[in-house]
1. Return a yes/no flag: does segment B:164-186 have any residue that is among the basic types (K, R), touching a Pro at 6+ places or on another chain (Cβ under 8 Å) and surrounded by fewer than 23 Cβ atoms within 10 Å (Cβ to Cβ).
2. Within segment A:187-218, restricting attention to residues that are among the β-branched types (V, I, T) and surrounded by fewer than 23 Cβ atoms within 10 Å (Cβ to Cβ), which residue is modelled with the highest pLDDT?
3. Does segment B:314-330 hold any residues that are of a type in the set (A, V, I, L, M, F, W, C), without any contact (Cβ under 8 Å) to a residue 40 or more places away in the chain and in contact with a helix residue (DSSP H, G or I) (Cβ under 8 Å, 6 or more places away or on another chain), and which are they?
4. Going by the conditions given, is B:A25 under 19 Å from the mean Cα position of the chain (by Cα) and touching a residue at least 60 places away in the same chain (Cβ under 8 Å)?
5. Are any residues in segment A:361-405 crowded, with 16+ Cβ neighbours inside 10 Å and small (G, A, S), and if so, which ones?
6. So, in segment B:32-55, of the ones that are in a loop (DSSP other than H, G, I, E, B) and buried (at least 22 other Cβ atoms within 10 Å of the Cβ), which residue ends up nearest to the other protein chains (Cβ to nearest Cβ)?
7. Does at least one position in segment B:300-313 carry a residue that is among the small types (G, A, S), surrounded by 23 or more Cβ atoms within 10 Å (Cβ to Cβ) and out of contact with any strand residue (DSSP E or B) (no Cβ under 6 Å at 6 or more places or on another chain)?
8. In this structure, is B:T110 of a type outside the set (D, E, K, R) and surrounded by fewer than 22 Cβ atoms within 10 Å (Cβ to Cβ)?
Protein chains: 2
Amino acid sequence: MGDAPKRSPLAPKRLAVLPALGGVALSVAETGMKYRGRPDLLLAAFDKGTSVAGVLTRSKASSAPVDWCRDKLAGGRACALMVNAGNANAFTGKAGRRAVNETAAALAKTLGCRQRDIFLASTGVIGEPLDTQPMVSRMADMAQRLSPSAWPDAARAIMTTDTFPKLATATAKIAGKTVTINGIAKGSGMIAPDMATMLGFVFTDAAIAPDVLQALLTSSVERSFNATTVDGDTSTSDTVLAFATGAAGAPEINQANDPRLRAFTKAFDRVCLDLAHQVVRDGEGATKFIAIEIAGAEDDAAARRIGLTIANSPLVKTAIAGQDANWGRVVMAVGKSGEAADRDRLSIRIGGISVAKKGAIDPDYEEKTVVPHMKGDEIDIHVHVGVGRGRATVWTCDLTHGYISINADYRS
Amino acid sequence: MGDAPKRSPLAPKRLAVLPALGGVALSVAETGMKYRGRPDLLLAAFDKGTSVAGVLTRSKASSAPVDWCRDKLAGGRACALMVNAGNANAFTGKAGRRAVNETAAALAKTLGCRQRDIFLASTGVIGEPLDTQPMVSRMADMAQRLSPSAWPDAARAIMTTDTFPKLATATAKIAGKTVTINGIAKGSGMIAPDMATMLGFVFTDAAIAPDVLQALLTSSVERSFNATTVDGDTSTSDTVLAFATGAAGAPEINQANDPRLRAFTKAFDRVCLDLAHQVVRDGEGATKFIAIEIAGAEDDAAARRIGLTIANSPLVKTAIAGQDANWGRVVMAVGKSGEAADRDRLSIRIGGISVAKKGAIDPDYEEKTVVPHMKGDEIDIHVHVGVGRGRATVWTCDLTHGYISINADYRS
């Protein structure tokens, strides 16, 4: 598998420091299933009454743990989350379903809670049977070592080929009471040989009813994780789960439109977006972090689809890797998105500089003015498609020799 | 722009030799608009009464010549085709429409025919105004030099960053009379810096009514050009036009279901598929020609979409570049296609060897058995998705460092 990958040049300068969060306790273990000398198994245990919500991959070949979570989310309550790194338990047929059932049964027994309140996530190799013994045999010990402060270990335990752990935190007030939101994530595209997936877990000590938490998470994911792309390859295992323990003592929120939720929603969105950006910043081979803002689309969903078409275009991504303000390729991508756009009113700004307007090159545009922006590692592209009021921002990274090397040169 | 690109390692061993084809005369010229020392302008003149049909890009940012052709195809008759290489006349606003009108008017005058029977195609840089003077000034001379045998020159004149000219030919009998089908094409993805596009032109001396020719072309393109992909980037200029001169003296075909058309349809399909394969074989940086056959889909259209999702997956393409039979990535791509697939009945064969069946790895599969196939330059992947009778085959190439070098390292 070659050497351990170098830390992404786009990694945050420092890791976020996550405070203890009432109602959540963590522990990690080394099973050696795939990785050596590092934790690869995470247990998060929750106080009784913790709400859960989730957004799962739309892949038709979803993994066994994704199917398990989809089924159990209906209950709205969580007792524990277990995540293993190195084996995705995807495309494993009946053996995969059996592995999930065994893991949940053993963990429920260890913690003394109901199987249906156990949530599971796995990432790594696709198509390899998951041996549950290395996980089951460590559960009792992990339950003994649960700690409220093991956030850095937790973020590391879920990594596969990530080059840095991903953590984010924020606070907000609900009815005068401060609540905390902690999040961890992993992923850098559909990742290196045989690896799959983006995982995100958000925890709060606010008290939020399951259906309200679900509405909040769905909306937040749409504008964060679902608005990012590294290589356009949807994995079999993508999972974002949110857990609300209620331990901060703030009043329980039972209505999605409760005005007391406003500041919390902003803080929650901030954590999701921060984690999603960190995943993009760890994109395989990435050297540029790219924000693409679309305005003037038919509606917000159309704007997001146009943005993602630009963000997934290999020609746009390679042009940016080459520091080339190649707006012709942006036009091409808008055209191929299939969404309404008025070619004769299309305008494009790169790094704030107008390069095209009213469907043709801006007569005042000189390429040299945009060169300093293209040489930086944060690229901003703004496109107005001239038909409506829909807007969206999406984020991606460039496509470089590093991506090819990671995915082609190293055999799994 | 760096050195001239090396001939693709997947190029056909020899170029097809196209015979003269009654009713079609060709000439080329060097305008020096972008390229030096090579022809970059093609004129094809047709006998009176020639039928025309076309399939044009679905891009919402289609070029001015594409818009012109879309409008004029309704007439069903063609007097001439002019193609320039180096400037796509796309995203050029009113100036682009004016350039198209001027070119058509001048050519109609030169040849003494109606403007609406003139067809135009342009590929190359997007967003640069097209100067018509270099074309208009050469028309009279080109009309003087029209020749029935200039097929190799014609195929070269339409190239942009292609590494080899693309030609194909076939014959068939209609009511005992031999008719010929000649085709030329250009393209290798959305091509190198600022370049755009796939063009294909098919000519026959059969006599075929415009609506029959259109039905035939639409169906053939669906299973050839539209079943191939290099980088998934739809260009602003993609154009396939078919011309039927009737000069062979075979009876005119006025019904799409005429049984006398059967052998002709097969030959016509063969020419389209041959040209489409040549475009893939000239894919930027390509080292492997990949055929992906899908069976068991809901219907043929679903099968084609699944096939194209696999063919466009950067993770599948990089795995093949790395000679890695990474079927987990094929599963991922089937899952992300959004089409119905029965995960528990999915089976995959690579190079004829069963690697996965019934939704899990084939217990008899040993990776070493597929290694010789992965080392070759023709890769076959067969996927059965287990839900219906829909089938399709699509073709693509691998994603290599060469693609990144062509599109990122060389600045336009």
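The values are calculated or read from the model by the stated rules, or taken from the named source; none is laboratory data. Here the structure is a predicted model, which is why all the values come from computation and not from measurement. Backbone-built Cβ (ideal geometry, glycine too); neighbour counts: all protein chains shown.
1. Taking every residue of segment B:164-186 in turn, at least one turns out to be among the basic types (K, R), touching a Pro at 6+ places or on another chain (Cβ under 8 Å) and surrounded by fewer than 23 Cβ atoms within 10 Å (Cβ to Cβ).
2. A:V212
3. If the condition is that a residue be of a type in the set (A, V, I, L, M, F, W, C), without any contact (Cβ under 8 Å) to a residue 40 or more places away in the chain and in contact with a helix residue (DSSP H, G or I) (Cβ under 8 Å, 6 or more places away or on another chain), then B:L315, B:V316, B:A319 are the ones that fit.
4. So B:A25 does not fit the description; no.
5. Matches in segment A:361-405: A:G386, A:G388, A:G390, A:A392, A:G402, A:S405.
6. B:D40
7. The answer is yes; a qualifying residue exists.
8. yes
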